[in-house]
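These notes are about the structure you will find just below.
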Amino acid sequence: PHVVTDWSHALTTEHGNVLAMVGVALLVFPKLGLGLSGFETGVAVMPHVEGAPDDTDERPVGRIRGTKKLLTTAAVIMSAFLVLTSFITTLLIPEGEFKPGGAANGRALAYLSHEYLGNAFGTVYDISTIAILWFAG
């Protein structure tokens with residue numbers, strides 16, 4: 001419980017007011033938006049979205065509706081994961097570990113997996129992350 005209180009205190013101490021916090025958040029959002037990079041995977045499955053029975057090649061209304069649902073669902077899920085992981089990593093990782101040379105620099109979730117779930121799970125996490133990034137190109 002003290003972690004959330006410490007985070008809240010540090011946040012209000014560093015930024016002073018809500019508008020300053022929102023301003024900083026808007027400045028760093030493009031970097032956080034990179035967390036949505038898996039969104040293009042939805043584009044790859046679009047041809048597999050089934051259309052309505054009355055769809056034609058000239059008027060694929062059902063397929064378009066289904067694709068909008070697919071992309072909206074993916075965006076909502078990935079946005080929730082992005083916000084949640086940003087919050088959790090901020091709470092659980094010491095500030096110094098984010099700095100260059102720190103154990104969590106560029107690998108916050110991997111750091112947490114090793115720290116809280118053990119080296120065996122952490123290693124599996126590392127290997128799966130490397131594989132996913134390799135397949136993604």
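Kindly indicate whether Gly38 is at negative phi and modelled with pLDDT under 80. Judged against the criteria, Gly38 is a match. Cβ separations smaller than 6 Å between residues 6+ apart or across chains give the following pairs from segment 1-29 residues that are within 16 Å of Pro94 (Cβ to Cβ) to residues that are among the aliphatic types (A, V, I, L, M): Val3/Leu91; Trp7/Leu91.
Looking at segment 64-93, which of the residues that are hydroxyl-bearing (Ser, Thr, Tyr), more than 8 Å from the chain's Cα centre (by Cα) and surrounded by 14 or more Cβ atoms within 10 Å (Cβ to Cβ) is nearest to Gly42 (Cα to Cα)? Here the answer is Thr67. Within segment 41-51, restricting attention to residues that are modelled with pLDDT of 75 or more and either under 23 Å from the mean Cα position of the chain (by Cα) or among the aromatic types (Phe, Trp, Tyr) (or both), the residue that is surrounded by the fewest Cβ atoms within 10 Å (Cβ to Cβ) is Ala44.
Identify all residues within segment 102-112 that are modelled with pLDDT of 90 or more and open to solvent by 80 Å² or more (accessible area, probe 1.4 Å); write none if there are none. Steps first, please.
Taking segment 102-112 first, the residues modelled with pLDDT of 90 or more are 102-105, 107-112.
Selection gives Arg107 alone.
The values are calculated or read from the model by the stated rules, or taken from the named source; none is laboratory data. Values in this document were obtained by computation on a predicted structure and should not be read as measured data. Don't worry about glycine lacking a Cβ; one is built from the backbone with ideal geometry, like all the others, and counts go over all protein chains shown. The protein model used for the area step is the full one, side chains on, heavy atoms only, and it has no ligands, DNA or RNA in it. Shrake-Rupley method; radii C 1.70, N 1.55, O 1.52, S 1.80 Å.
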